[in-house]
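See structure below.
The values are calculated or read from the model by the stated rules, or taken from the named source; none is laboratory data. Since we're looking at a predicted model, the values are computed, not measured. As a convention, Cβ positions derive from the backbone with ideal geometry for all residues, glycine included, and neighbour counts pool all protein chains shown. We work out accessible area using only protein heavy atoms, side chains counted, and drop any ligands, DNA or RNA first. Shrake-Rupley method; radii C 1.70, N 1.55, O 1.52, S 1.80 Å.
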Amino acid sequence: KLHIPELGNDSYRGISARDGVVILGGEDGKVVMLQGDQVQVFKLDGGDGLEIRDIAAMDLENTVLMGSGYPAKIFRRKGTSFSEVYQNNNTGAFLNSIAFWNEQKGIGFGDAIQGKLLVIVTEDGGYSWREIGNQEDEAAPEVDESEHGFAASGTSLIVGEPGEAWIALGGGKEGGAARVLKTEDYGRSWTSYSTSLDADSPSKGIFSLALYKNQRLIAVGGDYEDPSLSNAGGVGFSIDGGKTWQSSTSPTLGYRSCVAVKEDLVLATGPTGIDLSKDQGTTWLPLIKSMKNDSFNSLAVDTDGTVWIAGKNGLLAKMIIDM
């Protein structure tokens with residue numbers, strides 16, 4: 001656990017780690033950038049009231065930030081500062097996650113507006129965004145009025161091969177299962193798949209997805225209102241790109257808001273600790289239990305394998321796993 005005064009007591013959910021540069025997204029448009037012993041703090045112009053819950057960093061100079069709150073906004077680094085590049089004033093436009101296939105093409109999604117998820121795409125590296133559904137032969141996915149995404153770590157949307165992406169949902173009907181939506185044409189059309197994870201209340205569902213190899217997906221979630229609850233309905237995996245799902249035979253120790261792949265290992269974190277899977281989500285082992293006053297939100301794996309964990313009360317931790 002690192003002591004960095006500039007982090008203050010904020011809660012951090014958005015996190016990116018790449019080539020030794022760690023970027024954290026906090027509250028009220030606060031962004032903290034760490035590189036070695038250097039710490040930079042940004043206060044986004046227009047970021048008041050927004051939590052920066054997702055960060056896509058191609059490199060130090062090409063970083064895109066997602067602001068969750070009202071109005072929904074996206075910021076893009078230009079030179080040494082960040083500028084607002086997207087704003088949606090619809091009261092239902094709560095952004096959950098963004099992701100990029102390459103330096104130019106990216107996608108994001110937010111909660112439903114008039115029965116359809118808000119899906120946005122960019123083809124110029126995040127400088128401009130457009131909403132799916134405004135052109136011919138494309139449509140945003142329809143959802144039940146009780147369904148929504150989660151922005152707990154900015155990882156409920158992931159991308160794979162060019163054009164391929166998955167969105168995770170929760171908050172379905174009583175007795176229902178969480179759904180995963182998949183596109184193979186850069187968000188122009190979507191296919192729905194039911195999973196093995198529970199989603200029968202507003203606080204339940206899939207909170208995070210990770211892609212391993214050969215179309216193997218790992219999903220983690222649970223119930224954020226009961227973070228210590230551990231059951232098979234909170235974690236699962238797919239070996240066919242999300243078409244069919246299986247429950248993990250030994251689940252994580254509680255609700256998990258973020259999952260990430262480190263080589264052949266998979267890590268999941270949430271308020272109560274961190275779990276490790278050596279078999280890509282089939283079984284989980286407890287790795288770290290959170291201490292008093294600590295609560296983990298998200299994690300990111302740097303290019304050198306270092307694991308960074310962000311959380312509440314200015315928490316930032318660094319973990320080296322040698323196995």
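Once the Cα-Cα distance is subtracted from the 0.36 nm per residue extended length, the residue 28 to residue 101 segment shows a gain of 23.5 nm. For the chain, the orientation-averaged shadow of the C-alpha convex hull comes to 14.7 nm² (one quarter of the hull surface). Descending by average beta-carbon neighbour count within 10 Å, the peptides 2-10, 231-239, 96-104 line up as 231-239, 96-104, 2-10, the highest first. For the range 202-271, give the percent of accessible area contributed by carbon and sulfur heavy atoms, probe 1.4 Å, rounded to a whole number. Using a 1.4 Å probe with all protein chains present, the range 202-271 comes out at 50 percent carbon and sulfur. For the peptides 119-128, 266-275, the ranking by mean Cβ contacts within 10 Å, running from highest to lowest, is 266-275, 119-128.
With only Lys, Arg, Asp and Glu charged, each at its Cβ (+1 for the first two, -1 for the last two), find how big the charge dipole of the chain is about the Cα centre; round to the nearest 20 debye. Can you show the working numbers first?
Working: 28 positive and 44 negative charges, 123 e Å.
Around 600 debye, computed over the chain.
Once the C-beta distance of residue 191 and residue 48 is scaled by a Förster radius of 35 Å, the resulting FRET efficiency is 0.35 to the nearest 0.05.
For the pair residue 319 and residue 123, label points projected 7 Å from Cα toward Cβ lie 4.1 nm apart. Close amide H pairs (under 5 Å, H built 1.01 Å from N) link residue 284 with 250, residues at least 5 positions away or on another chain.
Near residue 206, the amide H atoms lying under 5 Å from its own belong to 169, 170; only residues 5 or more places off or on other chains count, and H is placed 1.01 Å from N. Computed extension gain for residue 173 through residue 3, at 0.36 nm per residue and net of the alpha carbon distance, reaches 56.9 nm.
Close amide H partners of residue 178, meaning residues 5 or more places away or on another chain with modelled amide H under 5 Å apart, are 195, 197, 198, 199. What is the list of residues in the range 261-281 whose amide nitrogen lies under 12 Å from a point 7 angstrom out from the Cα of residue 11, following Cα to Cβ? What the label zone holds, given the 12 Å backbone N cut-off, is 271.
Using a simple spin-label model with pseudo-atoms 7 Å out from Cα toward Cβ, residue 60 and residue 283 lie 4.4 nm apart.
Farthest towards the positive end of the charge dipole of the chain, among the residues 235, 110, 158, is the Cα of 235, using unit charges on the Cβ of Lys, Arg, Asp and Glu. Round to the nearest 0.05 the FRET efficiency obtained for residue 232 and residue 146 when R0 = 22 Å and r is the Cβ-Cβ distance. Efficiency computed from Cβ-Cβ geometry: 0.50.
Given just the C-alpha atoms of the range 171-210, how large is their convex hull per residue in cubic angstrom? Can you show the working numbers first?
On the way: hull volume 3.2 nm³, N = 40.
Hull volume over Cα atoms, normalised by residue count, gives 81 Å³.
Computed from the C-beta positions of residue 134 and residue 303, the FRET efficiency with R₀ = 51 Å rounds to 0.90.
The phi-based Karplus calculation (6.51 cos²θ - 1.76 cosθ + 1.60; θ = phi - 60°) puts the 3J(HN,Hα) values of the range 6-20 at 5, 6, x, 10, 5, 9, 10, 10, x, 8, 9, 9, 8, 6, x Hz, whole numbers, x for Gly and Pro. For q values of 0.10, 0.12, 0.16, 0.18 Å⁻¹, compute log₁₀ I(q)/I(0) with the Debye formula on a Cα-only model of the range 168-323, without solvent. The Cα Debye sum returns log10 ratios of -0.33, -0.48, -0.84, -1.04.
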